[in-house]
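Everything below concerns the one structure shown next.
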Amino acid sequence: MPVVLHVGCGPKDIRRMPAYFQDGTWREIRLDIDAAVRPDVLGSMTDMGAVESGSVEAVFSSHNIEHLFPHEVPVALAEFQRVLGPTGFALITCPDLQTVASHVANGRLLDPLYQSGLGPITPLDILYGHRESIARGNHFMAHRGGFTMRTLGAALQETGFGRVVIHRRQPHFDLWAVAMRTDPGEEAGNALAGRLFPT
Ligand SMILES: C[S@@+](CC[C@H](N)C(=O)[O-])C[C@H]1O[C@@H](n2cnc3c(N)ncnc32)[C@H](O)[C@@H]1O
């Protein structure tokens, strides 16, 4: 059974996984820095030493890498790459700061942009982390960095992935990237991205 390492998983909820991983063939291993979400592996994505090199077919990271300081990003992406087997891939989604910045520039810092499971999300929440969670004392929810399509693509290329495909989803304010450990070629890479990315 292929394994998907769900990094920064949050509370257990299969509905948080993309449809691709919900076909009954995947085994999910949940990793998070916050013991309160009861992960299978407790730790930071910058040091996933508990996960053997080349031992998973996929890494899934959703609204998670923006919690790192910029200097930690290459460390975490190298960890994602290390734990993947030769035909494995990392599926990463995070806020698109370029789209969010246009709302800030238009004076809408505190206007809700969309509803999440946590409630309404404003540009300020996207820039610095979900304010209500942080006010309750959950500092793991603070954001320390962020990405545009260009900077996320560059960070993944610099990690040395074989092929990277990125999609900027508007008006959803997010980026979706798939980074393949080995290059399967343009056609196969785009086909995989097409199956993984939401519409
Ligand atoms: C905004 S939540 C996203 C939860 C879930 N992935 C989702 O999309 O609904 C961010 C998660 O990343 C976790 N996190 C923050 N920093 C982390 C780190 N350095 N390593 C692993 N997980 C981290 C937090 O504890 C939290 O569960």
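The values are calculated or read from the model by the stated rules, or taken from the named source; none is laboratory data. Note that the structure is predicted; figures quoted are calculated from it, not measured. Cβ coordinates were reconstructed from backbone atoms using ideal geometry, including for glycine residues, and neighbour counts include every protein chain displayed. Keep in mind that these areas ignore ligands, DNA and RNA; they rest on the heavy atoms of the full protein, side chains included. Shrake-Rupley method; radii C 1.70, N 1.55, O 1.52, S 1.80 Å.
Quick one: how many residues across the stretch 157-199 are within 17 Å of residue 76 (Cβ to Cβ) and in a helix (DSSP H, G or I)?
Selection size over the stretch 157-199: 3.
Just name the residue that is surrounded by the most Cβ atoms within 10 Å (Cβ to Cβ) out of those in the stretch 158-171 that are touching a residue at least 60 places away in the same chain (Cβ under 8 Å) and under 25 Å from residue 113 (Cβ atoms). Write out each step before concluding.
Within the stretch 158-171, the first condition is being touching a residue at least 60 places away in the same chain (Cβ under 8 Å), and the residues that meet it are 158-161, 168-171.
Filter once more, keeping what is under 25 Å from residue 113 (Cβ atoms): 168-171.
On the way: 168: 17, 169: 15, 170: 10, 171: 8.
Only one residue fits best here, namely 168.
Return the residues of the stretch 24-35 that are in a loop (DSSP other than H, G, I, E, B), within 12 Å of the ligand (Cβ to nearest atom) and either open to solvent by 70 Å² or more (accessible area, probe 1.4 Å) or within 24 Å of residue 86 (Cα to Cα) (or both); say none if nothing qualifies.
Within the stretch 24-35, 33 is the sole residue that qualifies.
Anything in the stretch 1-38 that is more than 20 Å from residue 116 (Cα to Cα) and touching a Lys or Arg at 6+ places or on another chain (Cβ under 8 Å)? List them, or say none.
1, 2, 3, 4, 20, 30, 38
Scan the stretch 1-23 for residues that are among the basic types (Lys, Arg) and part of a loop (DSSP other than H, G, I, E, B) and jot them down. Give the steps one after another, and end with the answer.
Keep residues of the stretch 1-23 that are among the basic types (Lys, Arg), which gives 12, 15-16.
Hit for the stretch 1-23 is 12, nothing else.
Each row is one residue, and each column tells you yes or no for (1) basic (Lys, Arg); (2) open to solvent by 10 Å² or more (accessible area, probe 1.4 Å); (3) within 13 Å of the ligand (Cβ to nearest atom).
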position	(1), (2), (3)
2	no, yes, no
18	no, yes, yes
22	no, yes, no
37	no, yes, yes
61	no, no, yes
82	yes, yes, no
86	no, yes, no
104	no, yes, no
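Out of curiosity, is residue 182 within 16 Å of the ligand (Cβ to nearest atom), farther than 23 Å from residue 33 by Cα and over 17 Å from the mean Cα position of the chain (by Cα)?
Values: within 16 Å of the ligand (Cβ to nearest atom): no; farther than 23 Å from residue 33 by Cα: yes; over 17 Å from the mean Cα position of the chain (by Cα): yes.
Criteria not met by residue 182.
Among what's in the stretch 39-59 and is within 11 Å of the ligand (Cβ to nearest atom) and surrounded by 20 or more Cβ atoms within 10 Å (Cβ to Cβ), pick the residue that is farthest from residue 78 (Cα to Cα). Even if it seems obvious, please write down each step before you answer.
Going residue by residue through the stretch 39-59, those that are within 11 Å of the ligand (Cβ to nearest atom) are 39, 41-48.
So of that shortlist, the ones also surrounded by 20 or more Cβ atoms within 10 Å (Cβ to Cβ) come out as 39, 45, 48.
Details: 39: 21, 45: 10, 48: 10 Å.
Only one residue fits best here, namely 39.
Considering only residues of the stretch 129-142 that are open to solvent by 90 Å² or more (accessible area, probe 1.4 Å) and either in contact (Cβ under 8 Å) with a residue 40 or more places away in the chain or touching a helix residue (DSSP H, G or I) at 6+ places or on another chain (Cβ under 8 Å) (or both), which is farthest from residue 12 (Cα to Cα)?
131
With the structure loaded, tell me whether residue 66 is touching a residue at least 24 places away in the same chain (Cβ under 8 Å), charged (D, E, K, R) and within 24 Å of residue 145 (Cβ to Cβ) or whether it fails that test. Can you show your working first?
Numbers: touching a residue at least 24 places away in the same chain (Cβ under 8 Å): yes; charged (D, E, K, R): yes; within 24 Å of residue 145 (Cβ to Cβ): yes.
So residue 66 passes the test.
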